[in-house]
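The values are calculated or read from the model by the stated rules, or taken from the named source; none is laboratory data. Note that this is a predicted model, so its numbers are computed, not measured. So basically every Cβ, Gly included, is an ideal-geometry build from the backbone, and we count neighbours across all protein chains shown.
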Amino acid sequence: MGENLILGYLTMTVCLTVQCMVVSLLLRILVALEIRGLIRPTLIRASFLLVTVMLIMSAGNLLQVALWAGLYCSLGEFHDFTTAFYHSVVNFATLGYGDIVLSVKWRLLGALEAINGVLMFGLTTGFLYTVLRALMQRAWDDRLDQVRLTKQSST
């Protein structure tokens with residue numbers, strides 16, 4: 001069990017590092033876009049921005065799934081990466097189909113991967129919410145500014 005915990009926690013640490021790097025990259029890109037005035041809270045632009053952020057964050061999650069799959073292959077649990085990747089996606093997403101299972105020796109890793117997946121999806125959701133909230137605040141402020149200007153020009 002100790003070996004499972006050590007390998008699991010090390011893999012979780014690497015996964016968190018990957019997701020933090022993805023968030024950091026996205027923050028840099030979003031700040032650069034904001035400085036250039038390219039982020040506008042219109043329906044189409046906001047939707048495009050949110051979809052793009054979601055896809056990039058999902059790519060980070062899939063990279064983590066691949067890391068877990070690589071671990072399973074290196075432990076001899078699966079002979080091909082495709083099966084390991086499928087099993088990893090099922091664990092990471094906490095679906096738990098049970099059609100493919102780890103050996104008794106390594107089965108705790110599946111549970112640790114599920115914990116990791118919940119945490120990483122939470123980070124992804126939190127970041128998406130933060131972007132959406134910023135867009136909504138921007139739209140709110142813009143509308144209030146328009147109302148104030150209209151009131152000032154009518155008086």
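Tabulated results
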item: Selected residue [modelled with pLDDT of 95 or more and surrounded by 14 or more Cβ atoms within 10 Å (Cβ to Cβ)] from Asn4, Asn61; result: Asn61
item: Unmet criterion (only one of (1) at pLDDT below 95; (2) at negative phi; (3) surrounded by fewer than 17 Cβ atoms within 10 Å (Cβ to Cβ); (4) of a type in the set (Val, Ile, Thr)) for Ile39; result: (3)
item: Matching entry among Leu108, Leu55, Leu144, Leu102 (being without any contact (Cβ under 8 Å) to a residue 12 or more places away in the chain, more than 24 Å from Met21 (Cα to Cα) and either hydrophobic (A, V, I, L, M, F, W, C) or outside any helix (DSSP H, G or I) (or both)); result: Leu144
item: Among the candidates Ala66, Ala114, Ala134, Ala139, residue that is part of a helix (DSSP H, G or I) and in contact with a Pro (Cβ under 7 Å, 6 or more places away or on another chain); result: Ala139
item: Tyr72 being under 18 Å from Leu7 (Cα atoms), surrounded by 14 or more Cβ atoms within 10 Å (Cβ to Cβ) and without any contact (Cβ under 8 Å) to a residue 60 or more places away in the chain; result: yes
item: Count - residues of region 1-47 that are touching a residue at least 60 places away in the same chain (Cβ under 8 Å) and not in a loop (DSSP other than H, G, I, E, B); result: 14
item: Considering residues of region 90-101 that are of a type in the set (A, V, I, L, M, F, W, C) and surrounded by fewer than 19 Cβ atoms within 10 Å (Cβ to Cβ) only, the residue nearest to Leu119 (Cα to Cα); result: Ala93
item: Yes/no for Gly126 being more than 16 Å from Thr11 (Cβ to Cβ) and part of a loop (DSSP other than H, G, I, E, B); result: no
